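Taking it in order: structure first as structure tokens, then the write-up.
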């Protein structure tokens, strides 16, 4: 907020503005990394015993929900100037990474909530799937769709 106010008053030079973007990106990266390290340390103590079927079902439902949100909404605009290319729809679907925000919401639930620990474990599993499975396969998907050549 302070940086935004200074920027609007014109007291930051062009070079300063140029440096602020990467700086705030780095701060966000460090904050996200710390959140994941802290959550990982907490989740290392959790047990997934008996939760594999619900975890897999949650991953499937979240992925299906993303598809239901992307494809029909894009179909509504198929004949307008706001049409979204099918390749981009696939990227929106598969690249819908979930992360620190979902975990923060799950961790903010009251401790006395029934199945509190189960909700946190399942949220962590969905986020882990998103980061590792979807995150690590997005580059091959981009190549397959002809969006990225290297």
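When every residue of region 41-55 is checked against the conditions, at least one turns out to be modelled with pLDDT of 80 or more, in contact with a helix residue (DSSP H, G or I) (Cβ under 7 Å, 6 or more places away or on another chain) and assigned to a helix (DSSP H, G or I). Applying the criterion of being touching a helix residue (DSSP H, G or I) at 6+ places or on another chain (Cβ under 7 Å) and without any contact (Cβ under 8 Å) to a residue 12 or more places away in the chain to the residues of region 94-148, the residue that is nearest to residue 41 (Cα to Cα) is 109.
Looking only at region 122-134, residues that are at pLDDT 85 or above and either surrounded by fewer than 18 Cβ atoms within 10 Å (Cβ to Cβ) or over 14 Å from residue 62 (Cα atoms) (or both) come to 1 in all. The number of residues in region 71-87 being assigned to a helix (DSSP H, G or I) and under 18 Å from residue 146 (Cβ atoms) comes to 2.
Right, residue 83: farther than 19 Å from residue 36 by Cα, at pLDDT below 85 and outside the structural domain of residue 36 (by TED's automatic domain parsing) or not? Answer is no for this residue.
The values are calculated or read from the model by the stated rules, or taken from the named source; none is laboratory data. For clarity, every value in this text was computed on a predicted model and none was experimentally measured. Note: ideal-geometry Cβ built from the backbone for every residue, glycine included; neighbour counts use all protein chains shown.
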